[in-house]
Amino acid sequence: MAILDVTGIGKHFVMHLRDGIRIPVIANLSFNVKRGECVALNGPSGAGKSSVLKMIFGTYAAENGVIHVEHGNDIVDIASADPMTMKQIRRNTIGYVSQFLRVVPRVSARDLVAEPLIATGWDSSVATQRAEVLLERLNIPKALWSLPPATFSGGEQQRINIARGFITEHPILLLDEPSASLDAQNRQVVIDLIRDKKQRGVGILGIFHDQEVRDAVANRLVDVAALSSKNQQPATAAA
Amino acid sequence: MTPISEEILQVEDLNKSFGRLAACRDISFSLHRGEVLGIVGESGSGKSTLLKCLAGMHAPDRGSVTISVSGDRRSLWNMDEAEREQLLPSMLSLIHQNPRDGLRLDVSAGGNISEPLMTSGERHYGSLRSVALDWLRNVEIDPGRIDDLPKTFSGGMQQRLQIARSLVTHPQLVLMDEPTGGLDVSVQAKLLDLLRRLVREFNLAAVLVTHDLGVARLLSDRLMVMQAGRVIETGLTDRVLEDPRQAYTQLLVSSVLQV
């Protein structure tokens, strides 16, 4: 049984400030993710893999198609969900590790990691303990836990972001290049964390440029074809 | 699954003109407990007028503002002025851009915090003072300053004192008008952190008017983009900022400097 079922989704951007130029991103893409499996989105850079994750997380609107997700006891279509429902889905059902950490001024790494768990109703001291376990596992030096991550290195920020995504019990996890700026040791930690999630029945949809990581975790690949490469405008659509 | 939370504010078909200038046109939206709605748009887009209609300061020409007060739904502009003035403090709190508009400058910091409590019936001096001390700590003002006048405070401290005064009665609805406007960036960060924490701690329903998209992104769950008195785009904050549909929203988003 799939917990995420995507049917015929399509996406384009209309750039009003550039004479209404239409930039196609995704057309008629269908796939599903089952409990306990990891599906990797595959395709060249610019094919729209990150856009697919953003459509499922609700950051991008889907122009066509249906995105069915098991949310509690309901099946909800994310493509047509209202903001209140989407907010609930993010809190309880779909976790997302983006490519870059969004730092919050004055909030420590430890609190930033604990936050999503507290939002789902966990006691803050338990959530903080769990955050510390994850930070330790991801080899973040203890001295950094109480500091805001704004000044951390790229790899450290990425690991904070991973901890933030993995701390909750969301049944679906979206991963956008979780191992991009990590060394071999931490890459292995991420592989282990993904395997743990799969064993607990979490369905994972990810983008893994690193073939070693992809081979280690992915059960299946879904090809995202590059649309209209001559129409691609660097950075505009993604900005 | 968490049930959808209680609706705190409902605005229906609100219109307000000044002479021939339509400041707010056909505005409808609702706000639930625990939800922060950001309103963005350039000067003159009508966002401040809208906030004043919600705060009981400007009567709309048409439309309704319904606010839930401990389960009772009250129509703000469908009661007489005396009743509105009496009920307003229990319905909402307004945090002004300029703290001097929300504080009593000739009253001590502690007095500024305890006054709204006294208005709502609390008289016991000892408990008033201890609540004031708690709130000073909560907004990171040295409790030793409790007897000082706010005019001896810095701008950032005044703003934090205004926030304490606004939240001490535990209002369900908080309206914020550019709460970080006019403050140094480092002072802003402290204030944003405070607002972010308080909004969660008290599960507040809040309307935040700002022209700063960074502030809106940090604090709001949803965004409403206003232009020429109308709401032209609305949705989850990250959706509006990362996948804007309207030409004006695209202009707004693309105009932000990246640091």
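The values are calculated or read from the model by the stated rules, or taken from the named source; none is laboratory data. Every value quoted in this text rests on a predicted model; they were computed, and no experiment measured them. Positions of Cβ are backbone-derived with ideal geometry, glycine not excepted, and every protein chain shown enters the neighbour counts.
Filter region A:20-42 for residues that are assigned to a strand (DSSP E or B) and over 19 Å from A:LYS198 (Cα atoms) and give the result.
A:ILE21, A:ARG22, A:ILE23, A:PRO24, A:VAL25, A:ILE26, A:ALA27, A:ASN28, A:LEU29, A:SER30, A:ASN42
Tally the residues that are part of a strand (DSSP E or B), within 12 Å of another protein chain (Cβ to nearest Cβ) and under 20 Å from the mean Cα position of the chain (by Cα), restricting the search to region A:64-75.
2
A residue that is closer than 23 Å to B:GLY56 by Cβ and surrounded by 14 or more Cβ atoms within 10 Å (Cβ to Cβ) occurs nowhere in region B:132-140. Out of the residues in region B:236-259 meeting the condition of being part of a helix (DSSP H, G or I) and at the interface with another protein chain (Cβ under 8 Å from one of its Cβ atoms), tell me which one is modelled with the lowest pLDDT. Ranking the qualifying residues of region B:236-259, first place goes to B:SER254. Within region B:183-212, the set of residues being away from chain A (no Cβ under 12 Å), surrounded by fewer than 20 Cβ atoms within 10 Å (Cβ to Cβ) and closer than 22 Å to A:GLU115 by Cα comprises B:LEU198, B:PHE202. Assess whether B:LEU183 counts as being part of a loop (DSSP other than H, G, I, E, B) and not small (Gly, Ala, Ser). Yes: the conditions hold for B:LEU183. Within region B:223-235, the set of residues being more than 9 Å from chain A (Cβ to nearest Cβ) and either of a type outside the set (A, V, I, L, M, F, W, C) or surrounded by fewer than 16 Cβ atoms within 10 Å (Cβ to Cβ) (or both) comprises B:GLN227, B:ALA228, B:GLY229, B:ARG230, B:GLU233. A single entry from A:ILE78, A:ILE3 fulfils the requirement of being touching a helix residue (DSSP H, G or I) at 6+ places or on another chain (Cβ under 7 Å), within 26 Å of A:HIS209 (Cβ to Cβ), away from chain B (no Cβ under 11 Å) and surrounded by 21 or more Cβ atoms within 10 Å (Cβ to Cβ): A:ILE78.
Checked against the criterion of being polar (S, T, N, Q) and in contact with a strand residue (DSSP E or B) (Cβ under 8 Å, 6 or more places away or on another chain), the candidates A:THR128, A:THR168, A:THR120 yield just one match: A:THR168.
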